[in-house]
Amino acid sequence: MSQALRTQMPVGKRQPHRYLLLDVFTDTPFAGNPLAVFPDAADLDGDAMKRIAKELNLSETVFITDRQQIDNVSIRIFTPGGEIPFAGHPTVGTACLLRALGWHDGERPLLLREGVGDVPIRFMGNRARLTTAMPLKITESPLTIEMAAESLGLPTSAIASRPVAASCGIRYNLIEIADLDSLRQAQVNGARLQAVFPNPADRDLYLYVRQSARQLRTRMFAPSMGIPEDPATGSAAAPLIGYLSRQESFDRTLDWHVIQGVEMDRPSHIYGQVEHGTHGDIIHIEGESVIIGEGTLYL
């Protein structure tokens, strides 16, 4: 680095903040969904977190604000568009990172305190498994088959069923696509979505194709979060498998495999399970992650 450039960067007067970079819902570097985690962010306020997330421009950035208790850790999650109460890949990635750094033994349960509430984690081999903190909610989507097709630049024959809206903390429009070719060709028409959904928070779309009885291929578009497309979305996979499980009859559990990010050349593997509970179905999401680097920001 030249001396002239050094004089323009007086980093000594700014507070360094270390972050780690992970790929989540994969065990392969440069696949899955990228995630930045700031392990010591107690001194950062929400405005600083928002600016950092926008600077890094990843789908999500996690800030660990309290880890004084090994089994009870507080985090905040930001997209480039702002804070969100819950997301699957930040939750799974943070849990895997805590174990990788030796801050959790991986044996006992872990609780991540997030905006949506307490999210319990258990480790299943190399995978971190979360249990959704919010119950599944399913409502009618304003999208008709014709509107969904128009919003995605597809013929109506490519939409396999009437879309629904579902949430386990974040609301998504679930749109079943007839085949993989149509899934690949889908392109979001932002102007059409804006006309259908005046509220930006309602515009997030989760497209899926049934590849087999328990395997799904998906794509996620979240313009309201500043995410043109996401390579892996646990917060969308959870309501999707919950919704599809309600269409079936089962005694105890149903296991699902959700493959996402193929069209982005970042294949991701999300494993889910829907379990019959006393007070309703319980939805679990699990996956792996790999640390691929680290860096420092000066604030």
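The order of the peptides 234-244, 140-150 by mean Cβ neighbours within 10 Å, most packed first, is 234-244, 140-150. Residues Ile52, Ile75, arranged from fewest to most other Cβ atoms within 10 angstrom of their Cβ, appear as Ile52, Ile75. Applying 0.36 nm per residue to the separation of Met264 and Glu248 and subtracting their alpha-carbon distance, the gain on full extension is 2.6 nm.
Per-residue 3J(HN,Hα) values for region 57-73, derived from phi via the Karplus relation 6.51 cos²θ - 1.76 cosθ + 1.60 with θ = phi - 60°, read 6, 8, 3, 9, 10, 10, 10, 7, 9, 7, 9, 5, 9, 4, 9, 9, 10 Hz in sequence order (x marks Gly and Pro). For region 13-121, the pair-distance distribution built from all alpha carbon pairs, in bins 10 Å wide starting at 0, is 14, 51, 31, 3, 0 percent. Taking Arg76, Arg51, Arg14 in turn, the Gaussian network model of the chain (Cα-Cα springs below 10 Å) assigns the largest fluctuation to Arg14.
How would you classify region 137-283 from its alpha-carbon gyration tensor, with a ≥ b ≥ c the square roots of the eigenvalues: rounded for a/c under 1.5, else prolate if a/b is greater than b/c, otherwise oblate? Prolate shape, in that a/c is at least 1.5 and a/b is the bigger ratio.
Grouping the Cα pair distances of region 221-299 into 10 Å bins from zero gives a pair-distance distribution of 15, 38, 29, 14, 4, 0 percent in increasing distance order. Which angle from 0 to 90°, rounded to the nearest 10, does the C-alpha axis of helix 88-100 make with the longest principal axis of the chain? Between helix and principal axis, roughly 40 degrees. Less than 5 angstrom separates the built amide H of Asp204 from those of Asn173, all sequence-distant by 5 or more or on a different chain. P(r) for region 170-242, from all Cα pairs and a bin width of 10 Å, is 19, 54, 25, 2 %, short bins first.
The lysines within cross-link reach of Lys13, meaning a Cα-to-Cα straight distance under 28 Å and a gap of 8 or more places when in the same chain, are Lys50, Lys54. The Rg/Rh ratio for the chain, using Cα coordinates for both the radius of gyration and the Kirkwood hydrodynamic radius, is 0.99. The order of Asp251, Asp40, going from fewest to most other C-beta atoms within 10 Å of their C-beta, is Asp251, Asp40. One decimal place: the segment Ala178-Asp118 gains 17.9 nm when fully extended, by the rule 0.36 nm per residue minus the C-alpha distance. Applying 1/(1 + (r/R0)^6) with R0 = 30 Å to the Cβ-Cβ distance of Thr144 and Ala213, what FRET efficiency is obtained, to the nearest 0.05? Efficiency computed from Cβ-Cβ geometry: 0.65.
Rounded to whole numbers, the Karplus 3J(HN,Hα) couplings from phi for region 157-173 are 5, 7, 9, 7, 7, 5, x, 10, 10, 9, 8, 10, x, 10, 8, 10, 8 Hz, using 6.51 cos²θ - 1.76 cosθ + 1.60 with θ = phi - 60°, and x at Gly and Pro.
Backbone geometry of region 136-142 corresponds, through the Karplus equation with coefficients 6.51, -1.76 and 1.60 at θ = phi - 60°, to 3J(HN,Hα) couplings of 5, 10, 10, 9, 6, 8, x Hz, x marking Gly and Pro.
Using Cα atoms only, what is the angle between the long axis of helix 46-56 and the major principal axis of the chain, expressed in degrees (0 to 90) to the nearest 10? Roughly 80 degrees between the two axes. When His284, His89 are arranged by Cβ crowding within 10 Å, least crowded first, meaning fewest neighbours, the order is His284, His89.
No lab work stands behind these numbers, since they all come straight from the coordinates. Everything numeric here is computed off the predicted structure, so don't read it as measured data. Note that we place each Cβ from the backbone using ideal geometry, even for glycine, and neighbour counts take in every protein chain shown.
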